[in-house]
Structures are given as structure tokens and as C-alpha cells.
């Protein structure tokens, strides 16, 4: 089996924005094991991974960037158990993961997203032109997470920031704050939700505007009515020249900027912060989207795009407890092999690997669309309530 270098620092993992000419907006970032690029710097890095053999069954996995470290270990262990299978993994913001299936019609075997709601929103609602069936009609919820603030000991005001004053700290003009692009990455729209949730929890409604006002060429706007909060994202989301907010296409691209001192703070998932050994401000449950008990409180915040991001669906995002989901697209070239991968991920060995990487799986696995779930997976899951 070939030795893989997926655990190199993430600044080596920046993939060619191959979708730039295919859609608007043109920014496209992903993380892969072959050729990786950060479109904001136009810097390309080729990995040392050698060509895969044609004698093994390829299994193409597209997953959220926050899964890159644990899934690299899952891949290694899975290929050790099934040496005739060759996992080809690529990592993007969760919205981009969906688009590779539903808009670009790429032959992908497994989709794993950081936001389970994206599967019915984008895959159930879009038909595979070859079969006439939806790209998916089931998904398995396999893990949660929590949204936290990542920083380093050298970050400005690191000795001052706390659970109460973090919005004011981030809004200071000398603080460099990293934002995952909400047009591509679930962590991006969740970061904006966090500000609104904090405002709602303390009934103070100037914090979001203090953070984001005058930071973008076209404004991000927030509206409140009858206890509901709506955040609207413009089609063109670019920062002004004097902005202290830095946007990247996926949350994982902010890690290297934190480590290098080019950023002071960034919203990241708890698992990612722990994997990289960064400092972490643990946000309260009313903000971190990690509590099932607060589902009713969360759902009063919504993010909408002010444009048609997909050709057939206009995504909108309701704040809810973070749930990761996995499914097999209808267009998968190797669905039986994909079932083996999911079985392995959800097995005791898979659970141990995920837990060792600070991203524990659920104790049991709820399924949306259980009646459509492959028979080989039904024994390890249960129907979603």
C-alpha cells in the first residue's frame, strides 16, 4: 500500500479552483490529495502522491474539509482491510461538495457533508439526468460538532477574550478575523448565525452590524421580525481594502493563517481546533450549535443567499444543531464499494479512529429515508424520528 501524506500541515492542501469558469461567484477552493490551490493566492502545490494503479477499484469520496484529518486515517485503515479498493478523497466546503454531484455531474461514490440539511435541499431536489431519479433519497447522520473560536497565544487580546465579550473583541478594527465563505462552506453561514444567536440570547442587537458593517463591497444585511432573524448574503462577497475580515472558501484554509500569525481569530469546528492544537474559546451552547435541547432557540435564525446559487435550488439555511451526514449518490459508479466504506466508518474501528481525532461519532445512526437505505446498512442504523 502506498504511503500517503494527507497529514501534512493544511497549508499544503489547497486545490485548483477548477470550477472558476463554471459558475458565479468564481471563487472555488477545495482540499485534495493530488493538486491543491488557494485561489486567493494563485499558489499551486503538487503532492508527492504517486499515480494510483488501474488494478484496484476506485472509490471517489467527496467530503467536508473539516473531515480531512480523521478521514485520512479512515482511508488508510479501510485500504488496509480492503487492499483491492483505492480511495480517492477530495475535500471542499460542504456546499461545493454538493455542487460537484448535482451541477457538475461528476462520478462520485460517497458524499459526506458537515450540514445534513444540504442533502435533501440539494440532492433530493435534483434529478440525475441519466436515471431520472433524485441524486439521493436517503442520508445517515453520523456525527455532530460544535462551533468555537480558534486563536493562538499571540492573537491580539488573547488574554482578554471570553464568552461574553468575544463579539466586541472581533469587531475591533485592529483584530484580523477569518471568515469561511458562506456561499461555499457551512462553517461560514454558521459563523454569521453565531453572532445573531448571541444577540438573541442577550437581547442586544448591535453586535452583528458592528462586526460586519462596512467590511464588504456589497453589504451583508440582517433583519428581525416577530422573533425571527434573517441574514442575507450578497452574490458578490468581497471585503473592502481596509477591512479587517479575511474570507476563504473553506474553514480549513484559515488554519495556516492562524498558525502563521496572519489572523487573530477564526470560527472553526471544535474537532478541527483540537486536531491542530490551537487555542480555543469554548462558546456557550446558545451560540455553538451543539445542543439538541436548544433546537427551538436556534431555528429562529436563517441565512439566505441573494442570488440563485444553484441552477434548480435556492438554498436557505436554518440554524440547527450541527449534524454531519453521509450518502451514496444515485450516479455512483461503485455503490456496493461505497456501502463497504460506510460500514467501515460506522464500525467500532471507524468510531475509534474518529474519536481519537476529537470527532466522535453518534452512539447510533439516524437515517432520513430509511426505506431507501441499502439493505447492507439497515442493520447498523435506525429510522429518523
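Which members of segment 79-99 meet the condition of being farther than 22 Å from residue 145 by Cβ, touching a strand residue (DSSP E or B) at 6+ places or on another chain (Cβ under 8 Å) and surrounded by fewer than 24 Cβ atoms within 10 Å (Cβ to Cβ)?
79, 84, 85, 86, 88
Those residues that are over 13 Å from residue 186 (Cα atoms) and modelled with pLDDT under 95, I need them from segment 306-338; list them, please.
Scanning segment 306-338 gives 306, 307, 308, 309, 310, 311, 312, 313, 314.
Yes/no per residue for (1) in a helix (DSSP H, G or I); (2) surrounded by fewer than 23 Cβ atoms within 10 Å (Cβ to Cβ); (3) touching a helix residue (DSSP H, G or I) at 6+ places or on another chain (Cβ under 8 Å); (4) not assigned by TED's automatic domain parsing to the domain that holds residue 74:
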| residue | (1), (2), (3), (4) |
| --- | --- |
| 111 | no, no, yes, no |
| 136 | no, no, yes, no |
| 158 | no, yes, no, yes |
| 178 | no, no, yes, yes |
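Whether any residue in segment 215-222 is more than 21 Å from the chain's Cα centre (by Cα) and assigned to a helix (DSSP H, G or I) is what I want to check. Lay out the reasoning, then the answer.
Step one: list which residues in segment 215-222 are more than 21 Å from the chain's Cα centre (by Cα), which gives 215-219, 221-222.
Pick out the ones that are also assigned to a helix (DSSP H, G or I) and you get none.
Within segment 215-222, not a single residue is more than 21 Å from the chain's Cα centre (by Cα) and assigned to a helix (DSSP H, G or I).
When you go through (1) buried (at least 24 other Cβ atoms within 10 Å of the Cβ); (2) touching a helix residue (DSSP H, G or I) at 6+ places or on another chain (Cβ under 6 Å); (3) at pLDDT 95 or above; (4) under 30 Å from residue 292 (Cβ atoms) one by one for residue 102, which number turns out not to apply?
Against the list (1) buried (at least 24 other Cβ atoms within 10 Å of the Cβ); (2) touching a helix residue (DSSP H, G or I) at 6+ places or on another chain (Cβ under 6 Å); (3) at pLDDT 95 or above; (4) under 30 Å from residue 292 (Cβ atoms), residue 102 comes up short only on (3).
What's the number of the only condition in (1) in contact with a helix residue (DSSP H, G or I) (Cβ under 8 Å, 6 or more places away or on another chain); (2) crowded, with 23+ Cβ neighbours inside 10 Å that residue 190 fails to meet?
The number of the failed condition is (1).
How many residues does segment 144-154 hold that are farther than 13 Å from residue 211 by Cβ and either more than 24 Å from the chain's Cα centre (by Cα) or not in a loop (DSSP other than H, G, I, E, B) (or both)?
Adding up the residues that qualify gives 6.
Taking residue 254, is it within 21 Å of the chain's Cα centre (by Cα) and assigned to a loop (DSSP other than H, G, I, E, B)?
Values: within 21 Å of the chain's Cα centre (by Cα): yes; assigned to a loop (DSSP other than H, G, I, E, B): no.
When the stated conditions are applied, residue 254 does not pass them.
Looking for something at pLDDT below 95 and within 19 Å of the chain's Cα centre (by Cα) - is there at least one such residue anywhere in segment 272-279? Even if it seems obvious, please write down each step before you answer.
To start, the set of residues in segment 272-279 that are at pLDDT below 95 comprises none.
Looking through segment 272-279, none of the residues is at pLDDT below 95 and within 19 Å of the chain's Cα centre (by Cα).
Which of the numbered conditions does residue 168 fail, given that it passes all the others? Conditions: (1) more than 30 Å from residue 100 (Cβ to Cβ); (2) surrounded by 20 or more Cβ atoms within 10 Å (Cβ to Cβ).
Exception for residue 168: condition (2).
Here are the criteria: (1) assigned by TED's automatic domain parsing to the domain that holds residue 258; (2) in contact (Cβ under 8 Å) with a residue 12 or more places away in the chain; (3) out of contact with any strand residue (DSSP E or B) (no Cβ under 9 Å at 6 or more places or on another chain). Tell me which single one residue 206 does not satisfy.
(2)
Every residue in segment 180-197 that is within 21 Å of residue 99 (Cα to Cα) and either outside any loop (DSSP other than H, G, I, E, B) or not assigned by TED's automatic domain parsing to the domain that holds residue 237 (or both), please.
Answer for segment 180-197, where residues must be within 21 Å of residue 99 (Cα to Cα) and either outside any loop (DSSP other than H, G, I, E, B) or not assigned by TED's automatic domain parsing to the domain that holds residue 237 (or both): 180, 186, 187, 188, 189, 190.
Within the set of pairs 6+ apart or on separate chains, which have a first residue in segment 72-84 that is modelled with pLDDT of 95 or more, a second that is assigned to a loop (DSSP other than H, G, I, E, B) and loosely packed, with under 11 Cβ neighbours inside 10 Å, and C-beta atoms under 7 Å apart?
79/1; 80/1; 83/1
The values are calculated or read from the model by the stated rules, or taken from the named source; none is laboratory data. Please read these numbers as outputs of a predicted model, since none were measured by experiment. Note: ideal-geometry Cβ built from the backbone for every residue, glycine included; neighbour counts use all protein chains shown.
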